[in-house]
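Since the structure comes first, as structure tokens, the remarks are kept for the end.
The values are calculated or read from the model by the stated rules, or taken from the named source; none is laboratory data. Because the structure is a prediction, the values reported are computed rather than measured. Ideal geometry is used to build each Cβ from the backbone, glycine not excepted, and the neighbour counts take in all protein chains shown.
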């Protein structure tokens, strides 16, 4: 543990009690994470960031409180602060006991996985209750993001399965998003960020990548991260979100969001030195989705 973290912990001791600290290395967050203990019992989760992210972390702190008050089973933050001398800021959260969904779901029965998916969908619906204070021209912003990703793939000079077909499909269908509602997006909602205790969903974690946009955009994560862990859970998440009544427009927009994500998937794979793996994943995704008719994907129809 470096000296800056030691000094930060000494300051935090004036606010909360703890007698032991352990680093937490699991996950892909850019935060440095530590578990704070009292008598071998984990009490707090400390997330430490560079000072330049303090404004965003302050927003996250406010939105976590709002979600908690709206009935989302998330952590109610304890405090947030900045240490200007150390050029660090931190967010202190209660420690949430349990295991993440990627560790738990495969041990459950098919029915239990589905039921937990229902609960996850209900939680996601509550997260989407939060809307921006001022209007956002999300339609233009989302198209600009797509163009940026498309140009990046072109610069990389790496083709993916049916790229031309997918890009033509996006251009033909992008107008579906013109009148999209805009709400708070968790932006990383999948089993690895869901905590289970006694095989029951007890918490949604890691809101650090939050964004604003069409609420249904969150569902492109299902084929990307969730189905490989549990298709029954993914199936349940859709049903739980819509209380069993899935609108026809949903699948058309879902397919569009899946298509929009393929360029980002390749870029992420390339940057993480997993290009071949991601090219195979992209091909599998494209071949199992109904871009032609806008219907449900293969993983959903399999039930």
Segments classed as strands (runs of 3 or more DSSP E), wholly inside region 1-79, with at least 1 members that are assigned by TED's automatic domain parsing to the domain that holds residue 186 and under 30 Å from residue 121 (Cβ atoms)
none
Looking at residue 66 and the list (1) in contact (Cβ under 8 Å) with a residue 60 or more places away in the chain; (2) in contact with a helix residue (DSSP H, G or I) (Cβ under 6 Å, 6 or more places away or on another chain), which single condition is not satisfied?
(2)
Within region 212-223, can you find the residues that are over 21 Å from residue 200 (Cα atoms) and in contact with a helix residue (DSSP H, G or I) (Cβ under 7 Å, 6 or more places away or on another chain)?
212, 213, 214, 216, 217, 218, 219, 220, 223
With the requirement that a residue be over 13 Å from residue 128 (Cα atoms) and surrounded by 19 or more Cβ atoms within 10 Å (Cβ to Cβ), what does region 209-221 give you?
220, 221
Going residue by residue through region 105-125, is there one that turns out to be touching a strand residue (DSSP E or B) at 6+ places or on another chain (Cβ under 8 Å), at pLDDT 95 or above and closer than 19 Å to residue 15 by Cβ?
no
So, in region 81-107, how many residues would count as being surrounded by fewer than 17 Cβ atoms within 10 Å (Cβ to Cβ), on the phi > 0 side of the Ramachandran plot and under 19 Å from the mean Cα position of the chain (by Cα)?
0
Which residue, of 215, 223, is within 30 Å of residue 107 (Cβ to Cβ) and within 22 Å of the chain's Cα centre (by Cα)?
223
Criterion (free of Cβ contacts under 8 Å to residues at least 24 places away in the same chain and over 25 Å from residue 201 (Cα atoms)) met by exactly one of 50, 11, 3:
3
Note: among 16, 21, just one is in contact with a helix residue (DSSP H, G or I) (Cβ under 7 Å, 6 or more places away or on another chain), closer than 19 Å to residue 77 by Cα and modelled with pLDDT of 95 or more, namely 21
Kindly establish whether residue 78 is within 26 Å of residue 25 (Cβ to Cβ), surrounded by fewer than 20 Cβ atoms within 10 Å (Cβ to Cβ) and at pLDDT 95 or above.
yes
Any pair with Cβ under 7 angstrom, 6 or more apart, that starts in region 223-250 at a residue that is in the same structural domain as residue 110 (by TED's automatic domain parsing) and ends at one that is exposed (fewer than 15 other Cβ atoms within 10 Å of the Cβ) and part of a loop (DSSP other than H, G, I, E, B):
231/302; 235/303
